[in-house]
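The values are calculated or read from the model by the stated rules, or taken from the named source; none is laboratory data. Predicted model only: the values in this text are computed from it and were never measured. Because the Cβ atoms are built from the backbone with ideal geometry, glycine has one as well, and the counts that use them run over all protein chains shown. Surface areas here come from the heavy atoms of the whole protein model, side chains and all, with no ligands, DNA or RNA. Shrake-Rupley method; radii C 1.70, N 1.55, O 1.52, S 1.80 Å.
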Amino acid sequence: MTTVASAQTDKPVTAWHHRHLIDVDVVSWPEIDLIMRTADEMKGILARPIRKVPALNGRRVTTLFYEASTRTRVSFETAARNLSADVVSVAPATSSVTKGESLVDTVRTLEALGAEILVMRHSVSGAPYLAAEVFGGHVLNGGDGWHAHPTQALLDLYTMRENLPGGDLRGRKVAIVGDILHSRVARSNIWSLTAAGADLWLCGPATLLRGMDRWAVAWSGGAIPGHGRFNVTSDIDAALRDADVVMGLRIQRERMQGGLLPSLREYAARFQLNAKRLSLAKPGAIVMHPGPMNEGVEIAPDVAISGCSVITDQVANGVAVRMALLYLLAGAHEAAHTEAAR
Amino acid sequence: MSAGTDGATPGSGSLKIGATVGRFELERAWLVDPASGREGPGEIVVTDGILESVVWLEGAEAAGVTDKGVVVAPGFFDLHAHFREPGFEDAETVATGSAAAAHGGFTTVALMPNTAPAVDDPGVLGRIRSAAAASGSPVGVLVYGAVSAGRAGDQLSAMGELADAGVIGYSDDGAPVKTAKLLRSALLYAGMLGLPVADHAEDSELTAGAEASEGYVASVMGLAGWPVAGEVQAVSRDLAVLVDALGDEPRARLHLTHVSTAAALDLVRRAKASGLPVTCDVTPHHLALTDEWIAGARRWAWEALGAAGVPRDPWADAALTASPYNTSLRVNPPLRNAADAAACLAALIDGTADAVVTDHAPHTVVDKEVEFGKAANGISGIETALGVLLALVDAGKLPLARAVAALTSGPAGVVAASSRTAGIAAAGPRGLTEGAPADLVVFDRSDRWQVTPESMLSKGKNSPFVGRELPGRVLVTIAAGRLAYEDPLAAGDES
Ligand SMILES: [Zn+2]
């Protein structure tokens, strides 16, 4: 990987070399740029009257969701269908995984049934690496435990670039606020946004930041090739002040039972993204949320639907970015280039 | 093998496991004898199972013999292993565990009682002894009794009956002794019986749901953290309760097993300095591996330690070479960082840690080929312990004699410290003693071996070293005068 300083002046890459996409940690900046450019093309397709191309005609995409998430699953399946792929959905409630079949056996079965790209959501960190070890096709991570949610981070990045003048994150202040400890969205965003050169701030109650400061300290010297440093704070005002982008994360009720938060009321009083707090951010700052939102808890309802909110853009861009990733993983990109070269 | 052998002996390939060694001679080897504190060039002769002669070579005769070649040491003693029988024979049996132990150079093992049923009455102990006898292996099998009935942490096990039946101490390992109150009773009652309580020190509330040691690596990988405080809190509790118990029962003794953090080892160091009757051990994996292996790094702990004792960053070093979340690295206590590993080594060298134990914890593929957070805890480690310690020796971090002592006189000393077990053979000096039944291991430091599912004799293939080479090939293990292990190549290449 190259350094941030040189990354964004690197020659654009045109080839995709990753068999799987499990996290953005191993994806170089030029490769991220390729994903963004491919997503641009996909967005063009989505703007047409008929939002369907034959790129993945006859290719088989299987979604395997061990954790219910209708919005994410539908986003992946819409992306796959827009590319004319055949889509099979497997969810624990309707399959043998509830009977205790192992992940490895399930993946082998799905491969035997013809799965070529496996989109996977799992509650245990690292589960897609296990799937990738036994799967002959491509694994696309749809979120694993607290670890990673690469398609979300990439659609977040895409949305930020689309909404920031010049489409450049370098030096732009991005504040992510909420339950950082349990958030795969935050972890993947750390990799992609520090690669993009953003001034990243992670903010939440101290109980929901546990361990993150050790990560920030480890990176504070700028020793990680291709990635800058980032900040961790419980000071919401410091996080929001002059921010260009503010992202809220979902606060779950279980956190109270776990003794990590006194109450949702208290969280809202101290950390909710509301109009008053957002006035600290730069004029024109955008507000994001990966969904699903708890309006009135981590985000005020009026903020969620205000002009500065790009939350619905995130949903639309999610389809385009996922189309781009399915297209790249399937090798359709290489095939198109080989065709063009003839 | 490179050393001379003769007759119906190891080296000829004609001797069966368990048979008395008729004659075994080894010329110009490096002898390590922790009992006398001596090491150097020498020769041994075993006749009819007895270590007939031990000759130390000097002058011209010793020329060219170094500690980098064939080494003879007393048979190793593992104070902490899980052979899974009865109850989990798919993972290991007393027979397969004994074979694996001998492959690792061990001639005596102490088994933890977390079988099903647990060793909480003499009946279960009898079953384990029968299995050991039936195995044909000469490896000596000692057994801990459970502290609590069913290891449930409520009532005391049949401690007195277990003592009469010959357990060497009590432990609820797999879990800590559940409450301070139960531990106090156990220390008093075990002290009365002249036996120690061996605790797995963990504050289960602080570690509930934990997947990896809390810290940088766990944070990046999204793994729930097992905080250092979870061990420090438990060790503090145990030491406080020990002090309390000693007021009523001066024979109360505490052993802390697989201590893994610098802070907890400091507590033990101070407790020992103040004269408390406490002993402790560390494992090869906590000495040599770190949590960065879970992220995919494959360098030794001492290579992961930066300037000023701060762990290096595997991402900054581009040191991640293997697939992450390998479940053979899921172990309890978890792999720590390089600073804690260095503290384990320092504790071993300064004597705070009395012994190295394997915590050999074999598991089936069914329990390990799953998501990291669902995988069973444990490393199949009894065959790799010597290789890991020799890696430390090769790196200049640990003297060979100290490594051998940690596997021989160290654990023997722990057993010798309790009045009831002070007289048993396992508590003996574990030296190269002429006239005694031969109990020794011969290994070649100039050779290496490939750890593979096939080369491991344990049923548990859950070793982080699978696919890697370790230094030091065990050539022959003789336990109580009988052949326990013989390297297949050494057996064949005599002709
Ligand atoms: Zn234990």
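Quick notes on this structure:
- Modelled label reach - A:Ser306, point 7 Å along Cα→Cβ, region A:219-237 residues with backbone N closer than 16 Å: A:237
- Sites A:Ser89 and B:Ala346, calculated FRET efficiency, Cβ-Cβ separation with R0 51 Å, nearest 0.05: 0.40
- Only the Cβ atoms of Lys and Arg (+1) and of Asp and Glu (-1) were treated as charged; on that basis the dipole of region A:74-228 about its Cα centre amounts to roughly 440 debye.
- Shielding value for A:312-320 is 0, the average number of Cβ atoms from other chains within 10 Å of each residue's Cβ.
- Carbon + sulfur, % of accessible area of region B:403-494 - ligands and nucleic acids excluded, 1.4 Å: 54
- Per residue, region B:356-495 exposes an accessible area of 33 Å² to a 1.4 Å probe, with every protein chain left in place.
- Modelled this way, with points 7 Å down the Cα-to-C-beta line, the labels at A:His17 and B:Glu58 are 6.4 nm from one another.
- Reachable aspartates and glutamates, given that their alpha-carbon falls under 16 Å from the alpha-carbon of A:Lys52 and they are not under 8 places away in the same chain: A:Asp40, A:Glu41, A:Glu77, A:Asp86
- Global form of region A:150-314, assessed from the alpha-carbon gyration tensor, a/c cut-off 1.5: oblate
- Straight-line cross-link reach from B:Lys181 at under 16 Å between alpha-carbon atoms covers these aspartates and glutamates, not counting any fewer than eight positions away in the same chain: B:Asp154, B:Asp172, B:Asp199, B:Glu202, B:Asp203, B:Asp238, B:Asp244, B:Asp248, B:Glu249.
- Under 5 Å, built H, 5+ apart or other chain: amide partners of A:Gly197: A:Gly228
- As a rough guide to protection, the peptides B:270-276, A:50-56, B:123-129 ranked by mean Cβ packing within 10 Å, highest first, stand as B:123-129, A:50-56, B:270-276.
- Computed accessible area, A:Ile224, all protein chains, 1.4 angstrom probe, square angstrom: 10
- At an R0 of 45 angstrom, the distance between the Cβ atoms of B:Ala308 and A:Ile50 translates into a FRET efficiency of 0.10.
- Cα gyration tensor category, rounded, prolate or oblate, for region B:229-338 with a/c compared to 1.5: prolate
- Rounded to the nearest 10 degrees, the inclination of helix A:70-82 to the longest alpha-carbon principal axis of chain A is 40 degrees.
- Computed FRET value (nearest 0.05) for B:Ala149 with B:Val365, which takes r as the C-beta separation and R₀ as 22 Å: 0.10
- Backbone phi angles across region B:410-424, fed through the Karplus curve with coefficients 6.51, -1.76 and 1.60 (θ = phi - 60°), yield HN-Hα couplings of x, x, 4, x, 5, 5, 5, 6, 9, 4, 5, 9, 4, x, 6 Hz in residue order; Gly and Pro are listed as x.
- Cross-link pairs B:Lys397/B:Lys459; B:Lys16/B:Lys459; B:Lys374/B:Lys461; B:Lys397/B:Lys461; B:Lys374/B:Lys459 - those with Cα-Cα distance over 24 Å: B:Lys397/B:Lys459; B:Lys397/B:Lys461
- For A:Val232, the amide hydrogen comes within under 5 Å of the amide hydrogens of A:Leu202, counting only partners 5 or more places away or on other chains and with H modelled in the peptide plane.
- Positions from region A:193-232 whose accessible area shrinks by 10 Å² or more when the full protein complex is built, not the chain alone, probe 1.4 Å: A:Arg210, A:Gly211, A:Arg214, A:Trp215, A:Ala218, A:Trp219, A:Ala223, A:Ile224, A:Pro225
- Listed by chain and number, the lysines whose alpha-carbon sits under 21 Å from that of A:Lys173, ignoring those within fewer than 8 places in the same chain, are A:Lys276, A:Lys282.
- Simple spin-label estimate for B:Glu249 and A:Arg253 gives 4.9 nm between the two label positions (7 Å along the Cα-to-Cβ direction from each Cα).
- For the protein assembly as shown, share of DSSP beta bridges that run antiparallel, in % to the nearest 5: 40
- Other residues within the sphere of radius under 15 Å centred on the Cβ of B:Ala62, judged by their own Cβ, net out at -3 (K and R +1, D and E -1).
- Taking a ≥ b ≥ c as the square roots of the eigenvalues of the Cα gyration tensor, an a/c ratio below 1.5 marks region A:140-239 as rounded.
- Heavy-atom accessible surface that B and A bury in contact, both chains counted, 1.4 Å, Å² to 100: 1900
- Threshold 50 Å² - residues in region B:215-231 whose accessible area is reduced by that much or more when the chain is no longer isolated, probe 1.4 Å: B:Tyr216, B:Ser219, B:Val220, B:Gly222
- Built amide H within the under 5 Å cut-off of B:Leu31, gap 5+: B:Gly40, B:Gly42, B:Val72
- Using the 1.4 Å probe convention, the accessible area of region A:150-314 works out to 36 Å² per residue with neighbouring protein chains retained.
- Taking the accessible area of region A:150-314, probe 1.4 Å, and keeping the other protein chains in place, the carbon and sulfur fraction comes to 50%.
- A crude spin-label estimate for the pair B:Arg468 and A:Glu133, with each label 7 Å from Cα along the Cβ direction, gives 1.5 nm.
- The phi torsions of region B:52-68, fed into the Karplus equation with coefficients 6.51, -1.76 and 1.60 and a -60° offset, translate into couplings of 6, 9, 10, 10, 8, 8, 9, x, 4, 4, 8, 4, x, 8, 10, 7, 9 Hz, rounded to whole numbers, with Gly and Pro shown as x.
- Within-13-Å neighbourhood charge of B:Gly136 [Cβ basis; K, R +1; D, E -1]: +2
- Note, ³J(HN,Hα) from phi for region A:16-32, Karplus 6.51, -1.76, 1.60, rounded to Hz, x at Gly and Pro: 10, 10, 8, 6, 10, 10, 10, 8, 7, 4, 9, 9, 6, 4, x, 6, 4
- For region A:125-152, accessible area lost to neighbouring protein chains reaches 30 Å² or more, against the chain alone with a 1.4 Å probe, at A:Ser125, A:Tyr129, A:Leu130, A:Trp146, A:His147.
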